[in-house]
Each structure stands twice: as structure tokens, then as C-alpha cells.
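Everything below concerns the one structure shown next.
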Amino acid sequence: MKTLKIATVILLVISWTIQNPAQAQAPIHQAIHINNEVFALHQPKEYAYKVIKAKGWSAQQYECVVNLWTQESHWNYKSRNPHSTAYGIGQLLIETSRKPDVQIRNGLRYIEYRYGTPCSAWKWWRSHYWY
């Protein structure tokens, strides 16, 4: 009985693929629609990469963000600094959002405003152990 069900599913998939070849070629991840908050919660580094690419920054800038925020919060959106009001992934002093996607965007805005680029922020951090 189980073999019959599996065979039926396989035949349905093959039939659908033959009838819809263009759609069958599309990667499965394109069919999955996921909002930014959920994406950032489960894959914060990948979400940050997406935002960095949208800003036109290079892969090197992404690596600097990874280094910086790994040191600051280990990418934990609930991270708190016991010695200040710093909170979240980017450890911003004024961060009030509990949403990782908002924290990532706010952190990148802060870096751009204060340092210009993530690599400049990372360079500062390596000298001062804060940014």
C-alpha cells in the first residue's frame, strides 16, 4: 500500500513536470514566500547579506559586518549589554526593536552614518572594542 502511494506521487510529479516544464525548472526557494522578520530571525547573517547587497556594498563589507556583530552579540537579537543600554544584534544604545530584521537595518544605517562602511566600523572596533 505504501509503495502504491509513493508511486502515485511520483507519477503525479512527473505528469505535472511534463505539463509545466518552465515552472518545474524554477528553484523551489522561489516558490516559498517568507517575510523579512521570519527570514532574519532564522537566518540573520543571510538577511544582513541581502540588505548589504541592496545597499551596493561588497562581500568584503559583509564579512566586516559578520566579524563586528559576532563580537558584539553573536547575532543574538535578544543580546543585552549589562553595562549599558545596548541591545540586539548590532548592540545599538537606542535600539528598541525586538525584531531582528529591524535591528539589522538599524545597525547598518548606524554604521553607514557613523563610519561610512562596515569595514571602517570593524577597524574602529578592533582598536577600541566598541563601535
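Annotations for the structure displayed:
- Flag set for I52, criterion: closer than 22 Å to Q103 by Cβ and either modelled with pLDDT under 95 or hydrophobic (A, V, I, L, M, F, W, C) (or both).
- Test result for Q71, at pLDDT below 95, more than 18 Å from D101 (Cβ to Cβ) and either outside the structural domain of L108 (by TED's automatic domain parsing) or surrounded by 14 or more Cβ atoms within 10 Å (Cβ to Cβ) (or both): no
- Q71 falls short on exactly one of the conditions (1) touching a residue at least 40 places away in the same chain (Cβ under 8 Å); (2) under 21 Å from Y113 (Cα atoms); (3) part of a helix (DSSP H, G or I); (4) within 14 Å of the chain's Cα centre (by Cα), and that condition is (4).
- Each residue in the stretch 78-127 was checked for being closer than 18 Å to Q60 by Cβ and in contact with a strand residue (DSSP E or B) (Cβ under 9 Å, 6 or more places away or on another chain), and 1 of them qualify.
- Residues in the stretch 84-131 that are part of a loop (DSSP other than H, G, I, E, B), aliphatic (A, V, I, L, M) and touching a helix residue (DSSP H, G or I) at 6+ places or on another chain (Cβ under 7 Å): I89 only.
- Pairs, first assigned by TED's automatic domain parsing to the domain that holds C119 in the stretch 50-63, second aromatic (F, W, Y), C-beta under 7 Å, six or more apart: I52/Y62; Y62/Y49
- Applying a threshold of 6 Å to beta carbon distances and a minimum spacing of six or more residues, or different chains, the list of pairs starting in the stretch 77-96 at a residue that is not assigned by TED's automatic domain parsing to the domain that holds R114 and ending at one that is modelled with pLDDT of 95 or more and not aromatic (F, W, Y) is empty.
- Residues in the stretch 77-90 include at least one that is surrounded by 15 or more Cβ atoms within 10 Å (Cβ to Cβ), touching an Asp or Glu at 6+ places or on another chain (Cβ under 7 Å) and at positive phi.
The values are calculated or read from the model by the stated rules, or taken from the named source; none is laboratory data. Values in this document were obtained by computation on a predicted structure and should not be read as measured data. Note that each Cβ is placed from the backbone with ideal geometry, even for glycine, and that neighbours are counted across all protein chains shown.
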